[in-house]
Amino acid sequence: QVQLVESGGGLVQAGGSLRLSCTVSGRTVGTLSMGWFRQAPGKEREFVASISSSGYIRNYRDSVKGRFTISRDNAKNTVDLRMNSLKPEDTAVYYCAADPTYIGNRERYDYWGQGTQVTVSS
């Protein structure tokens, strides 16, 4: 059974940076397609970024391109989301997701974490 635990959320001022980490247990991260999603209050969950099991395919939603970077650390069995130049509209609960097959930006991942809150103040 794959388990995902997010960490690294918090309160940051606009323009600041945060790094979210998703720790994977039950399977090596190199065999999983991974994604980050977010859900703001009153809004539907939306795709943020994804990385294929090989690491060669990375996708981002347009509004975070150039600011967010998804990466994988096989030694630590984690997937990180580095977020720079944060904006108030980035405020949301961020979720990590995993699947043995390539899912990309669709919400059809088999495994999900509990989420971590990111709040960006103006």
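The values are calculated or read from the model by the stated rules, or taken from the named source; none is laboratory data. Predicted, not measured: the structure shown is a model, and the values here were computed from it. So basically every Cβ, Gly included, is an ideal-geometry build from the backbone, and we count neighbours across all protein chains shown. For accessibility, only protein heavy atoms count, side chains too; no ligands or nucleic acids. Shrake-Rupley method; radii C 1.70, N 1.55, O 1.52, S 1.80 Å.
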Ile57 accessible area, nearest 10 Å², 1.4 Å probe?
80
For segment 49-88, just say rounded, prolate or oblate: build the C-alpha gyration tensor, square-root its eigenvalues into a ≥ b ≥ c, call rounded for a/c under 1.5, and beyond that prolate if a/b exceeds b/c, oblate if not.
oblate
Probe of 1.4 angstrom, ligands and nucleic acids ignored: what's the accessible area per residue over segment 1-64, in square angstrom?
52
In segment 50-99, which trypsin sites (Lys or Arg not before Pro) are in a loop and have at most 15 other Cβ atoms within 10 Å, using DSSP for the loop call?
Lys65, Arg67, Lys76
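At a 1.4 Å probe radius, which order do Tyr102, Tyr56 fall into by accessible area, largest first? Intermediate results must be reported in sequence, preceding the final value.
Details: Tyr102 95, Tyr56 200 Å².
Output order, biggest surface exposure first: Tyr56, Tyr102.
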Answer with one residue from Thr28, Val93, Gln39: the one whose Cα lies farthest towards the positive end of the charge dipole of the chain, charges on Cβ with Lys, Arg +1 and Asp, Glu -1.
Thr28
Leaving out same-chain residues fewer than 8 places away, which aspartates and glutamates sit with a Cα under 15 Å from that of Lys87?
Asp62
Total charge dipole magnitude, the chain, about the Cα centre, Cβ charges on Lys, Arg, Asp, Glu only, Debye to nearest 20
220
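Test of understanding: given the chain, find the longest segment containing no GluC sites (Glu not before Pro) that are in a DSSP loop and have at most 14 other Cβ atoms within 10 Å. Don't jump to the answer; show the numbers that get you there.
Working: sites that count: Glu44, Glu107.
Here the longest run is 45-106.
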Charge context of Val120, other residues only, Cβ under 9 angstrom, K/R +1, D/E -1:
-1
Under 1.5 on a/c is rounded, so check that first for segment 15-70, then, if it is not, pick prolate when a/b is larger than b/c and oblate when it is not; a ≥ b ≥ c are the square roots of the alpha carbon gyration tensor eigenvalues.
prolate
Reachable lysines from Lys76, criterion Cα separation under 28 angstrom, eight or more residues apart if same chain:
Lys65
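Stokes-Einstein diffusion coefficient for the chain at 25 °C in a medium of 0.890 mPa s, Rh from the Kirkwood formula over Cα pairs: what value in µm²/s?
Values: Rh = 14.0 Å.
The calculation lands on 175 µm²/s.
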